[in-house]
Structures are given as C-alpha cells and as structure tokens.
Amino acid sequence: MLQLNYIRENKDKVVNLLTIKNFDASNIVNEIIELDDLRKATQKELDDTLAASNKLAKEIGSLYKSGQRDKADEAKTESSKLKLAAKELEQKFTEVVTSLNNKLIELPNVPHPSVPKGNSDADNELIYEEGSIPELPENAIPHWELASKYNIIDFELGNKVTGAGFPFYIGKGARLQRALINFFLDEALDQDYIEYQPPLLINADSGYGTGQLPDKEGQMYYVGIDNLYLIPTAEVPITNIYRNVILKESDFPIKNVAYSNCFRREAGSYGKDVRGLNRLHQFDKVEIVQIQHPDKSYETLEAMKDQIASLLRKLELPFRIVRLCGGDLSFTSALTYDFEVYSAAQHMWLEVSSVSNFENFQANRMKLRFKDKEGKSILAHTLNGSALALPRIVAALLENNQTDEGIVIPEALRSYTKFDLIN
RNA sequence: GGAGAGUUGGCAGAGUGGUCGAAUGCGGUGGUCUUGAAAACCAUUGAUCCUUCGCGGGAUCCAAGGGUUCGAAUCCCUUAUUCUCCGCCA
C-alpha cells in the first residue's frame with residue numbers, strides 16, 4: 001500500500017508511473033485525496049467534541065467532590081448530548097476511514113522507472129544470459145518421462161493419494177530434493193543469512209501484510225475451520241515477523257533464509273505448461289528475504305540477483321535474467337528480475353526464481369519501520385527472492401544432464417546427494 | 001478437549017471507577033566526573049492521527065473487538081493468546 005502523504009505530494013508521478021503497469025490511477029487517486037480531506041475534517045470535529053466531553057467529565061468529578069450535586073447533574077445532561085454527537089461522528093469517521101483504506105488497497109505499487117512498458121512476458125527485457133544450451137541426443141526425453149524411467153518421481157501416486165500437482169519423490173529423487181534444499185540453504189548461510197523454519201499456515205493478518213490478501217485470496221489453500229491459510233511462499237511468514245515492528249537503523253540489513261513447502265491452488269492453469277514439474281500445487285523452495293534501509297534497497301536487490309546467479313552457475317545450468325515489464329510485474333513489486341533456466345528437452349525457458357524490491361509497499365501495510373538518527377519513524381524496504389524453487393531446477397537438471405548411462409549430478413551437488421548418477 | 005489464573009510502556013512490574021499515558025526498577029540516549037572506561041550522580045526516554053508558519057494545543061491507544069457509565073487500565077460480554085492442572089498425543 002502506498003503512503004497517503006506520498007500520494008498527495010506526488011499525485012502526477014504516481015499516475016504516470018502506474019501507466020507502466022497498465023493501471024489507470026487518475027480517478028482513484030483523486031478519490032483518495034478527497035476521502036482523506038473528508039477524514040481530516042471529520043476527525044477534527046470528532047476530536048473537538050471528545051475534548052469538550054473530557055473536560056466536562058473532569059468538572060463533574062470535582063463538582064461531586066465539593067458536593068454540588070445539582071450542578072453536577074446539569075453537567076451530566078450536557079455531557080450525554082456530547083456523547084451522542086461523538087458517537088455519530090465516530091461512526092462517520094469509521095466509514096470514511098474504511099472506504100479510504102479500501103481505495104488505498106486497490107492501488108498497486110509504483111514501478112521503478114527502469115521497468116519497461118508492456119503487457120505480457122513477451123515484453124520483458126532480457127538483461128543477461130549465461131551458459132550454452134546443451135545439444136541433446138535424438139532420443140532425449142522430457143523430465144516427466146525421465147522421472148518414471150528411473151522411478152524417482154511418481155505423479156500417478158500423487159494423483160491417487162491427493163490429486164494432480166502433488167507428486168511423490170522416491171529414492172534418489174527424494175534424496176536429490178533434500179540435497180538441493182541443503183545446498184541452497186548452505187549457500188545462503190555463506191552469505192550471512194539467518195536460517196528460519198517458518199509455520200506453513202498463516203493467519204489473515206499475515207496474508208494481508210505481504211499483499212496476498214485480499215486480491216490473491218483464491219490462490220491460497222484455506223483451512224476454514226481454523227481460519228488459516230497455507231503459505232504460497234515462505235516470504236509470507238518470514239516477512240511478517242516484522243509486522244508492527246520498529247527497528248533500529250543498526251539492525252540493517254536483516255537477511256533471512258527459509259526453506260519451506262509452498263502451496264498454491266493455481267486455479268485456472270492448464271495445458272502443457274503444467275506438465276510434470278512445471279507447475280505444482282505443492283513444491284519446495286528456499287526463500288531469501290531482506291529488510292533494508294530505503295537508501296540501500298536497490299544495491300541489495302543487485303546483490304541478491306548476483307547471489308541467485310551464482311547458484312545457477314554452480315549447478316551448471318544455462319540461464320537468463322529478465323527485467324519484468326509493467327504488465328508482468330506483480331501488484332506489490334516495484335522492480336522484479338526473473339531467472340529462467342533452459343529446459344533442453346522441452347525446448348523452453350522455465351522460470352525458477354523471482355527477486356523483487358517492494359520498496360515500502362509491504363512495509364506500509366505491515367507498519368514495519370525504523371528510527372532514523374533524528375528519531376523519526378520511517379518505513380523500511382522489503383525484498384525477497386527464490387534461491388531457489390526446486391521443481392523446475394529438478395526438471396532442467398534431469399533433462400539437460402541425461403546421458404545413455406543415466407542422469408549426471410553436477411559437481412557442486414555431489415557432496416549433498418552422495419551419488420553422482422541417477423540410473 | 002475440560003478446570004483455574006493471567007495478558008499494562010524496550011523489559012520486569014505497580015495500579016480495581018475520576019487529578020493515570022500510567023508508580024518504581026532495569027535498559028536506551030545525553031551530560032557531570034574520569035587520561036579513557038566502569039561506578040556514582042543529573043537530565044531525558046512510547047506510538048498514531050488532527051491542528052499550528054512555529055511555540056504549542058487536541059484526540060486515540062493498558063491483548064483485540066463490543067458494552068455499562070457524565071467518566072474505564074480498573075466493571076460486564078465476546079475473541080485471541082500465555083501459564084498451571086487434568087485428558088489426548090508425535
């Protein structure tokens with residue numbers, strides 16, 4: 001959520017930048033400012049009424065003490081009137097604040113000026129590419145066939161026990177998962193991240209804090225009986241640690257890493273893009289989250305980008321980095337880099353990581369602040385990225401490394417897998 | 001799941017209807033002293049919003065929400081949560 005004062009002071013800038021996200025904010029921004037004016041006026045009136053009422057209540061106290069009952073009773077009648085007026089004003093105030101908030105929530109984060117215009121992933125800007133696309137033999141097969149050939153991932157079994165998108169990992173498949181998770185975590189620990197194991201279910205306040213609620217409600221699994229949501233990413237619990245927190249400037253940077261299962265309903269997905277590991281309802285991911293001083297968040301974003309690139313390099317996967325265009329950028333993000341690895345048997349790029357700077361958009365919702373040198377409360381910046389999501393990494397590893405002898409495990413992983421070939 | 005007791009400022013902890021945004025201690029910050037540090041002493045130390053050019057003034061917040069009252073941290077209701085005991089259990 002954008003800050004009210006920021007909107008008031010940068011009205012035209014907000015409207016202009018949001019056109020990059022294909023969002024016409026001209027009306028809503030005016031409505032917001034009008035509602036805020038009304039809010040201020042109503043609050044003034046309410047505060048004055050309450051002040052008068054408080055003053056009277058104090059007088060009644062001393063009137064009783066000095067035994068002036070008649071005067072006290074008179075004042076009581078007066079006070080009752082004020083109370084009624086205050087109640088009406090309060091109701092009006094609540095209504096105004098509620099509609100103001102509802103409007104504010106509709107407004108997406110303002111994109112960074114470097115974000116290109118565009119409507120879809122076709123308009124994303126390629127900024128980096130590394131590694132050569134492997135030439136596979138004629139008989140190369142996609143990962144879902146490799147998975148059953150070597151009996152390492154069983155999608156059918158998942159269908160039976162749960163449903164589509166919930167595979168079983170078996171034998172070396174399961175061990176590969178565990179190896180990747182540990183590899184990713186260790187790499188983050190080398191970069192001075194603190195490791196967390198978060199809850200996998202979160203309450204509505206947390207969903208709201210990072211922006212999954214209210215607009216992406218349908219993408220989360222919901223446990224109605226306890227009013228909890230399954231996390232779509234560890235970003236949600238890890239960032240919400242800092243909900244309603246006031247940090248010290250010396251706390252920066254906060255660097256957290258967490259492995260978790262992620263649960264996504266992916267309502268509306270279908271077709272070849274969801275084959276095999278390409279899109280799952282439950283998957284594994286190691287997530288990095290940083291809380292940073294506003295002056296340093298873009299520097300941090302670049303560092304996180306480099307960190308993720310180094311993971312893919314160590315896994316010897318060909319990858320590219322794109323800067324998301326306005327149309328592809330999420331509601332809450334100001335700037336996002338997507339990482340894609342080349343899946344040689346599917347002949348396509350698979351998105352394996354997203355690293356984003358949310359600036360103070362999440363922090364404003366969460367009231368995540370820090371005290372600057374003058375003691376003023378300022379919103380912090382939040383960033384996160386996948387480092388990395390497993391399924392598509394596994395898909396690319398299986399496909400790109402297939403040989404007649406079996407699937408070759410990259411060097412960097414062998415101390416974790418304790419095997420160098422799946423056969 | 002059942003019974004009981006709690007939830008107060010960064011922390012500990014007082015406060016059971018009016019002068020309480022809240023004693024006291026610790027911690028934090030600034031200062032005195034000191035070559036420096038410690039100790040001691042002094043001062044200061046919550047958040048949000050409205051208003052004012054500024055000084056300042058006002059409102060709200062004692063887990064959350066609602067109620068009683070002229071007036072609520074204090075009384076009542078609901079919810080969340082913590083602890084103790086019982087039950088169940090990896």
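The values are calculated or read from the model by the stated rules, or taken from the named source; none is laboratory data. None of these values were measured; they are calculated from a predicted model. Here the Cβ is made from the backbone with ideal geometry for all residues, glycine too, and neighbour counts use every protein chain on show.
Structure summary
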{"item": "Residue list for region A:3-31, restricted to those being within 13 Å of RNA strand B (Cβ to nearest atom) and either of a type in the set (A, V, I, L, M) or more than 27 Å from residue A:362 (Cβ to Cβ) (or both)", "result": "A:4, A:7"}
{"item": "Considering residues of region A:89-142 that are more than 26 Å from the chain's Cα centre (by Cα) and among the hydroxyl-bearing types (Ser, Thr, Tyr) only, the residue surrounded by the most Cβ atoms within 10 Å (Cβ to Cβ)", "result": "A:94"}
{"item": "Verdict on residue A:403 being among the hydroxyl-bearing types (Ser, Thr, Tyr) and either within 16 Å of RNA strand B (Cβ to nearest atom) or within 12 Å of the chain's Cα centre (by Cα) (or both)", "result": "no"}
{"item": "Residues of region A:91-115 that turn out to be part of a helix (DSSP H, G or I) and more than 9 Å from RNA strand B (Cβ to nearest atom), as a count", "result": "15"}
{"item": "Conditions (1) in a helix (DSSP H, G or I); (2) touching a Lys or Arg at 6+ places or on another chain (Cβ under 6 Å); (3) more than 11 Å from RNA strand B (Cβ to nearest atom): number failed by residue A:42", "result": "(3)"}
{"item": "Complete set of residues in region A:34-49 that are surrounded by 14 or more Cβ atoms within 10 Å (Cβ to Cβ) and either polar (S, T, N, Q) or under 35 Å from the mean Cα position of the chain (by Cα) (or both)", "result": "A:35, A:36, A:38, A:39, A:42, A:43, A:49"}
{"item": "Residue check, residue A:309 free of Cβ contacts under 8 Å to residues at least 60 places away in the same chain, surrounded by fewer than 22 Cβ atoms within 10 Å (Cβ to Cβ) and of a type outside the set (Asp, Glu)", "result": "no"}
{"item": "Yes/no for residue A:231 being free of Cβ contacts under 8 Å to residues at least 60 places away in the same chain and touching a Cys at 6+ places or on another chain (Cβ under 9 Å)", "result": "yes"}
{"item": "Residue list for region A:223-239, restricted to those being of a type outside the set (A, V, I, L, M, F, W, C) and modelled with pLDDT of 90 or more", "result": "A:229, A:232, A:233, A:235, A:237, A:239"}
{"item": "Residues (farther than 13 Å from residue A:1 by Cβ and away from RNA strand B (no atom under 13 Å from the Cβ)) located in region A:351-386", "result": "A:351, A:352, A:353, A:354, A:355, A:356, A:357, A:381, A:383, A:384, A:385, A:386"}
{"item": "Residue satisfying all of: in region A:312-353; over 17 Å from the mean Cα position of the chain (by Cα) and among the acidic types (Asp, Glu); surrounded by the most Cβ atoms within 10 Å (Cβ to Cβ) among these", "result": "A:340"}
{"item": "Residue identified as modelled with pLDDT under 95, surrounded by 19 or more Cβ atoms within 10 Å (Cβ to Cβ) and part of a helix (DSSP H, G or I) among A:158, A:165", "result": "A:158"}
{"item": "Every pair of residues 6+ apart whose Cβ atoms lie under 9 Å, when the first sits in region A:53-75 and is under 28 Å from residue A:90 (Cβ atoms) while the second is outside any helix (DSSP H, G or I)", "result": "A:62/A:68"}
{"item": "Test: residue A:271 is at pLDDT below 90, in contact with a Ser or Thr (Cβ under 9 Å, 6 or more places away or on another chain) and either small (Gly, Ala, Ser) or closer than 20 Å to residue A:177 by Cβ (or both)", "result": "no"}
{"item": "Check on residue A:40, closer than 30 Å to residue A:326 by Cα, out of contact with any strand residue (DSSP E or B) (no Cβ under 8 Å at 6 or more places or on another chain) and not aliphatic (A, V, I, L, M)", "result": "no"}
{"item": "Flag if residue A:405 is charged (D, E, K, R), touching a residue at least 12 places away in the same chain (Cβ under 8 Å) and surrounded by fewer than 19 Cβ atoms within 10 Å (Cβ to Cβ)", "result": "yes"}
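Here is a yes/no grid of residues against (1) over 30 Å from residue A:103 (Cα atoms); (2) near RNA strand B (Cβ under 8 Å from one of its atoms); (3) more than 49 Å from the chain's Cα centre (by Cα); (4) not in a loop (DSSP other than H, G, I, E, B):
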| position | (1), (2), (3), (4) |
| --- | --- |
| A:63 | yes, no, yes, yes |
| A:67 | yes, no, yes, no |
| A:71 | yes, no, yes, yes |
| A:80 | yes, yes, no, yes |
